[in-house]
Amino acid sequence: MSVRGAEGQLALINARLLDPASGLDVMGGLIVDGEVIASVGPHIVKSRVPDGMPVLDCQGLCLAPGLVDMRVQIREPGEEHKETLRSAGESAVAGGITAMVCLPNTDPVIDDVATVEFVARRARLNGLAKIYPYAAATKNLEGKELSEMGMLAEAGALGFTDGTQAIRNAMVMRRALSYAATFGAMIIQHPEEPSLAEGGAMNSGELSTRMGLSGIPVAAETIMLERDVRLTELTGGRYHAAHVSTAEGLDVIRKAKAKGLNVTCDTAPPYFALNELAVVDYRTFAKLSPPLRSEADRLAVIEALADGTIDAIASDHAPQDQDSKRLPFAQAEPGGVGLETLLPVTLELYHRGHLGLLSALSLLTDKPAALLGLNAGRLKAGNAADLILFDPERGWKVEPEKFRSKSKNSPFDGHLVQGLVERTFIDGRVVFSRHA
Amino acid sequence: MPRPKRGSIVTAMIEPYYPHRHLLGIQGLGPLEITSLLDLADGYVDQNRSVDKRKNLLRGRTVINLFFENSTRTRTSFELAGKRLGADVINMQASISSVQKGETLIDTAMTLNAMHLDVLVVRHPDSGAVKLLSEKVNCSVINAGDGSHEHPTQALLDALTIRRRKGQLAGLTVAICGDVLHSRVARSNIYLLLTMGARVRLIGPRTLIPTQIDRMGVEVFHDMRTGLKDVDVVMMLRVQNERMRGNFIPSIREYFHFFGLDYQKLSLAKPDAVIMHPGPMNRGVEIDTDVADDVGRSLIREQVEMGVAVRMACLDLLTRTLPQTWEGRAA
């Protein structure tokens, strides 16, 4: 790994530079100086690298900003048998993710400054992907009293959410949006009306009827989004809807944006790569929250990615162990691991012609970084040298047992995908190399 | 009563056809498999009516009834079926076994594998649980009811009951009335009846009819008066109080008023329409006592009798496809 010269400089040459923020897609190179990007562009070629500076020939691979994943569940503290900050970090860098935001649904809940600092310190010591927390919007995720948002934001919380639960009470949501706006912070919502989703295990429809499982109707998402959009309008708050999964839900977001409200949303790869048929035969690895929806919804998610209604793609990484998944469907925990499949499944959008390569990457880099207010996700001189080298064409088969994540519950188990990360740099250091 | 002649050339000519290791549901079975099971069961009806009811077909075989849900009649029916075929039958009630101590379904499967059983009969409150278990055990599995998913032997015994009375299933109109939402019996019956060429109507309040069930190829009614018109068979479902999460119906009184079967509503069906119920009945809730006990119309007693015969046929057919030795049998 010590390819760097004494001055801490390194020249990456012969790369296909991809910078979605500036629209750059050109052969060239990049010079890392210490922890930051010193310069980048087509002018950096082998003959112009100063003598003595170490050179890495990228052999035509794509050099892009490291991915910024805005929704990850890390089970530390509390459920370290499913995932730790370290195993999540290793899994992330193998998937090309250099920065990720974790949900506060740990044990203890991330709802005080000490826990925020614990996560930040542990992540820093691991030196893998940078981990930023969202803090709980309400104390202990109970949906009742607001957390100390101001102090938590000061300590480094990037936003406020009750994690995998929706903020159910409309008055609490109103105050959360209003109070968070005081500090310019956003509220991230799991948009699902809990009373309609209660006991539901999958999308409501013909398939749930045939399988004899309780369904979660599309309206559970639409109703919560409609309500929250009204509250955003009422409060002038900053609202972000996580993992939007339905055509109707996306229409709500589309209208809110047209109205000029401060509303954004993301989705996760399963919602544009899979539909409800993945749960046939009671496959609990495809039991997600929100549930996988119909094919028409899947196509609507792709359309919303293309037209800009959806602002970012997040992995929605949710590690679960065997004991949580090898159960009758209704009893199994929802969620799938996603750090190592985020890039290739997103690139399906490019390979199938739905999005250009830069547009697809943008949803994983500069766009989520901008939502989070992070100075990341760009190939820009002066920025941290958080980079990935990847081959967008390289095909591979998803074999979860090879994942670095402690949990293997991937809904993409056995899928054939394209796009493989070869190297990941964080602050100029190589933290992952496929052929090391 | 005179028994109608069966005229199926196909069944008269070929051996029973059932190329599966398990019986997990009716979905996926074709007319040939269903007819094979029904024909075989028909033979067992005669055997069960004779003095010597035992046969040694399954001598040496072990059948375990593993019930994670209370049931007296289905379990007894399977127990009787196994014993009449000469198998060793053991009942395991999950409430007294280690399942209550936190043992998972997979652990249970591992334990059962070590016991070298041949057929496992399972009932479980969760849809899909029997399939999950079947993937982990090295014996044949019969689904005796999983959640709101399927209850295939009930559909088979219903079909046998109807066939013996009406001669055939094709062309009949069958109304399934009541709590379809929570009913595995309804789902298995829908698959079976449609596969065999019958027409199926569902009748119930909107809260008890599952979403998009019309896409399965049935007609949905919310009024008994229109739904029962000219039907050949009226199948009543049990109102499953224990499965009701919240308020699906406001009161028993109201339910009986609109959806309980009495002579007045029954009069809209064909004059020779028969009445069925999978049991146990809630008299005065979904069915009027006089109707339930009407010997001319009610086939409820016959259903119980057919249950044993159908389960004998299932055990018989499934064990035919089991290897004769334990060599090479893997989970």
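Rule-based calculations on the coordinates, nothing more; no lab input. Quantities reported herein were computed from a predicted structural model and do not represent experimental measurements. We place every Cβ from the backbone using ideal geometry, glycine too, and count neighbours over all the protein chains shown.
Values as computed for the structure displayed
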item: Neighbour cut-off at most 12 other Cβ (10 Å), DSSP loop, trypsin sites (Lys or Arg not before Pro), region A:174-276; result: A:Lys259
item: Beta bridge orientation in chain B: antiparallel %, DSSP, nearest 5; result: 5
item: Too-long pairs where the Cα-Cα distance tops 25 Å, listed order kept, from A:Lys367/A:Lys408; A:Lys287/B:Lys131; A:Lys130/A:Lys367; A:Lys130/A:Lys406; result: A:Lys367/A:Lys408
item: Efficiency of FRET from Cβ geometry, B:Asp52 and B:Met281, R₀ 45 Å, rounded to 0.05; result: 0.90
item: Under 19 Å from the A:Arg124 label point (7 Å along Cα→beta-carbon), backbone N, region A:414-433; result: A:426-429
item: Unit charges on C-beta of K, R, D, E only; dipole of region A:65-372, Debye; result: 380
item: Ranked A:Val26, A:Val55, criterion: other C-beta atoms within 10 Å, fewest first; result: A:Val26, A:Val55
item: Residues with amide H under 5 Å from that of B:Met281, placed H, sequence gap 5 or more; result: none
item: Cβ-Cβ FRET estimate between B:Asp262 and A:Leu277, R0 fixed at 60 Å, reported to 0.05; result: 0.90
item: At most 16 other Cβ within 10 Å, DSSP loop - GluC sites (Glu not before Pro), region A:153-224; result: A:Glu198
item: C-alpha center-to-center spacing [region A:76-146, region B:176-224] in angstrom; result: 48
item: Extension gain (nm, one decimal) between B:Val304 and B:Arg21, 0.36 nm per residue minus Cα-Cα; result: 99.3 nm
item: Loop-located trypsin sites (Lys or Arg not before Pro) in region B:233-316 whose Cβ has at most 16 other Cβ within 10 Å (DSSP); result: B:Arg245
item: Efficiency of FRET between B:Ile90 and A:Glu248 - r from beta-carbon atoms, R0 51 angstrom, step 0.05; result: 0.45
item: Rounded to whole Hz, the Karplus (6.51, -1.76, 1.60) HN-Hα couplings of region B:104-111, x for glycine and proline; result: 7, 4, 5, 4, 4, 4, 4, 4
item: Within region A:65-372, percent of DSSP bridges classed antiparallel, to nearest 5; result: 5
item: Estimated distance in nm for a label pair at B:Arg206 and A:Lys144, the labels positioned 7 Å out from Cα along Cα-to-Cβ; result: 3.7
item: Reachable lysines, given that their alpha-carbon falls under 27 Å from the alpha-carbon of B:Lys270 and they are not under 8 places away in the same chain; result: B:Lys5, B:Lys166, B:Lys229
item: Separation in nanometres of the label points that stand 7 Å from Cα toward Cβ, at A:Asp51 and B:Ile252; result: 9.9
